[in-house]
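The values are calculated or read from the model by the stated rules, or taken from the named source; none is laboratory data. Computed from a predicted model, the values in this text were never measured in an experiment. We place every Cβ from the backbone using ideal geometry, glycine too, and count neighbours over all the protein chains shown. Surface areas here come from the heavy atoms of the whole protein model, side chains and all, with no ligands, DNA or RNA. Shrake-Rupley method; radii C 1.70, N 1.55, O 1.52, S 1.80 Å.
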Amino acid sequence: MAWLAGFLTAAMMITITLDVVLRNLGFQSSAHFFSFTEYALLMVPCLGAPWLVREKGHVYVEILMMYLKPRNRERLRFAVGLLCVAVCLVLAWYGADVTLHDYLGNEKDVRSLDMPRWMVSGFIPLSFAMMAVEFLRFLVRGENFLGNLAGQAEE
């Protein structure tokens, strides 16, 4: 998923550059360039987010953690992990519900091309379900999913 997100990011860069060059040379660029970029702007974060969780690359505020004793820090970290799993599962469930309704209702996203809306919204439940799996994996293994505190070695 992360590799696909990276590929889409590069493809967006090439598409936008090509669009600008074509317009500056006086040619008409494709309306599909804009639609592709819009779709990719949704897909890239959805595809890359589970990898970001796995690599402990997400942002968090560590000021409270720095002042807690190690035992309380571990308790808070576990509670935050459970909250992350719960939020990701709720968003995955809601996203799956929306995607299913889009599929059953044969909803279309009308832009320069008619795209089945479930193909667009389907990346959201996939992403949040995978993030829930990653957070749960850290909790089951007892690993620190937050990374290192500033200036401290990982425990």
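Can you give the percent of C-alpha pairs in segment 52-143 whose distance is more than 17 Å? The partial results should precede the final answer.
Working: 2508 of 4186 pairs.
Everything past 17 Å amounts to 60 percent.
Charges only on Cβ, +1 for Lys and Arg, -1 for Asp and Glu: so what's the dipole of the chain about the Cα centre, in debye to the nearest 20?
Result for the chain is approximately 440 debye, rounded to the nearest 20.
Charges on Cβ only, +1 for Lys and Arg, -1 for Asp and Glu, centred on the Cα centroid of segment 36-96; of Pro50, Leu64, Leu91, which one is farthest towards the dipole's positive end?
Leu64
Give me the 1.4 Å probe accessible area per residue for segment 65-124, excluding ligands and nucleic acids, in Å².
Details: 4160 Å² over 60 residues.
Per residue, segment 65-124 has 69 Å² of solvent-accessible surface.
Could you order Val85, Val21 so the one with the most accessible surface comes first? Probe is 1.4 Å.
Ranked list, largest accessible area first: Val21, Val85.
Could you look at the chain and say what percent of its accessible area is carbon and sulfur, using a 1.4 Å probe and all protein chains?
Whole-percent figure for carbon plus sulfur exposure: 70.
For Lys56, what accessible surface area do you get with a 1.4 Å probe? Give it in Å², rounded to 10.
60
So how do Val98, Val90 rank on accessible area, 1.4 Å probe, biggest first, that is with the largest at the start?
On the way: Val98 50, Val90 90 Å².
Descending accessible area places them as Val90, Val98.
So, taking all protein chains as they sit and a 1.4 Å probe, how much accessible area belongs to Leu83, in Å² rounded to tens?
110
Going by amide H atoms built from the backbone, whose H comes under 5 Å of the H on Lys108, apart from near neighbours?
Here the answer is Arg117, since their amide H atoms fall under 5 Å of that of Lys108.
Counting Lys +1, Arg +1, Asp -1, Glu -1, what net charge surrounds Arg137 among other residues with beta carbon under 9 Å of its beta carbon?
With Lys, Arg at +1 and Asp, Glu at -1, the net is 0.
Tell me the accessible surface of Phe36 in square angstrom (1.4 angstrom probe, heavy atoms of protein chains only), to the nearest ten.
70
Which distance in nm do the two modelled labels at Ser35 and Thr9 give, with both placed 7 Å along the Cα-to-Cβ direction?
That separation, rounded to one decimal, is 2.6 nm.
Using a 1.4 Å probe and counting only protein heavy atoms, arrange Ser35, Ser30 so the residue with the most accessible area comes first.
Ser30, Ser35
Using only the alpha-carbon atoms of the chain as identical scatterers, what base-10 log of I(q)/I(0) does the Debye formula give at q = 0.17 Å⁻¹?
One equal scatterer on each Cα of the chain leads to -1.00.
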